[in-house]
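What follows is a set of notes on a single structure, which appears directly below.
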Amino acid sequence: MILLQLSSGQGPIECCKAIGLATKLIAKECNANSVGCSVIEAVDASESGCFKSVLLKLDAAETQTAKQLALTWQGPMLWVCESRFRPKHKRKNWFFSGQVFEVNEMDMTDHITYQACRASGAGGQHVNTTDSAIRATHTESGISVRVESERSQHANKKLAKALLFQKLEMQKQSQMSLQEKVRRQQHWELERGNPVRTFKGEKFAPVNR
């Protein structure tokens, strides 16, 4: 399973807009390459179509195909565009980043417990009367997630496993020592000057690399 996380970091609303535009472009690229693409988690920003982060799951008959596509979005990226939110703002360079995770489902299976529960909210009679929602817990860390976006327990289990893996990876990063965090931040600042992908204008047009 291939996961791709897009993040605006601590960037302003323009960086969050870039995440929204990038997500749409990734979906188009996946469709053109026969790769499935689904949003597992999205953290909304203050404006419509803007996200602080988005976690995508990419699937293909050949895992390597999905991985190769995802890796083209790994690293710091740049959107060059005048701000639609602050028309008089002089800044035009907005950075965001992508990170790829490859989930080994077999390695995780022995450490996850699942509990079926009643789905909530809209979704029709089927969702409201069946225990299709899933709560997955990583027994070693105690981290737990709840997924009810799909109509079947099987589909929700797969998404829960992916989301749980991403949470575990983020926990590892948060537990880095101060020295490691400083070194990582310095690396990020250096990489911003050499983005792996650049986009330009309101239409988010890719610039040849």
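What follows draws every value from the coordinates through simple rules; no lab data is involved. Just so it is clear, the model here is predicted, and its values are computed rather than measured. Please note: Cβ atoms are built from the backbone with ideal geometry, for glycine as well, and neighbour counts cover all protein chains shown.
A DSSP coil position with no more than 12 other Cβ atoms inside 10 Å describes the following GluC sites (Glu not before Pro) in the stretch 1-85: Glu62. So which of Lys28/Lys90; Lys90/Lys172; Lys28/Lys167; Lys67/Lys158 end up more than 29 Å apart, counting from Cα to Cα? In this structure, Lys28/Lys90; Lys90/Lys172 lie more than 29 Å apart at Cα.
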